[in-house]
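The values are calculated or read from the model by the stated rules, or taken from the named source; none is laboratory data. Since this is a predicted model, take the numbers as computed values, not measurements. With ideal geometry, Cβ positions are generated from the backbone for all residues, glycine too; neighbour counts draw on all protein chains shown.
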């Protein structure tokens, strides 16, 4: 299995500011994924991040708004730029075992934008 | 595009009741199908998966059978416990892309 640690657990920020969410894996993983979950709703894949290359974004998510870095095989950061109240949600990082398709998730970062 | 539909948004049962949560999918080819469970304040946890027709996945008393004919992967448990209260997600995965498409989720509440 893969353990993923996210920091911070929660954050409150003002509209127009930017914030970073960090994700650390306890072992090297090829791909990391970032998901967004609004309260009482399902999870939506935002982007896929592989080491040393630009993240691949899903429809509705852009690099300018949600830049992602993946400097090595155990670490990734998601930045929320120009945060708006509509960005208030829980952000999860996830990764998978090499041997199968099982995805593991961090505990999530709850973001509230005022 | 690929999608997953869970019919029930909420299910309320009593302990020892039989559980069924319906999951239907739409995808080309043979996607892998998953069930995940999410407890309050946590990320989703893998329950089990199946990747070919008629394959049964199971864990912790829950089970589901991959049915390509009806494009379904319904979750069942014979006797639920209060500790099963959580949100359950059916998901569809593409191994090459390594990402999941989640259904809307079903909130299961069990009365003691």
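Descriptive notes on the structure:
- Among the residues of this structure, residue A:62 does not count as one that is free of Cβ contacts under 8 Å to residues at least 60 places away in the same chain, more than 29 Å from residue B:107 (Cα to Cα) and within 14 Å of chain B (Cβ to nearest Cβ).
- You will find that of A:16, A:52, A:86, the residue that is over 25 Å from residue B:35 (Cα atoms), touching a residue at least 40 places away in the same chain (Cβ under 8 Å), out of contact with any strand residue (DSSP E or B) (no Cβ under 7 Å at 6 or more places or on another chain) and not in a strand (DSSP E or B) is A:16 and no other.
- Among the conditions (1) modelled with pLDDT of 95 or more; (2) within 11 Å of another protein chain (Cβ to nearest Cβ), residue A:83 misses just one, which is (2).
- Number of the condition not met by residue A:108 [criteria: (1) surrounded by fewer than 20 Cβ atoms within 10 Å (Cβ to Cβ); (2) at positive phi]: (1)
- Close pairs (7 angstrom Cβ cut-off, 6 or more residues apart or separate chains): at the interface with chain A (Cβ under 8 Å from one of its Cβ atoms) and without any contact (Cβ under 8 Å) to a residue 60 or more places away in the chain in the stretch B:29-43, assigned to a loop (DSSP other than H, G, I, E, B) and surrounded by fewer than 22 Cβ atoms within 10 Å (Cβ to Cβ) anywhere: B:42/A:107; B:43/A:107
- Residue list for the stretch B:64-112, restricted to those being assigned to a strand (DSSP E or B) and over 15 Å from the mean Cα position of the chain (by Cα): B:94, B:99, B:109, B:110, B:111
- Each residue in the stretch A:88-101 was checked for being at pLDDT 80 or above and either buried (at least 22 other Cβ atoms within 10 Å of the Cβ) or closer than 14 Å to residue B:51 by Cβ (or both), and 6 of them qualify.
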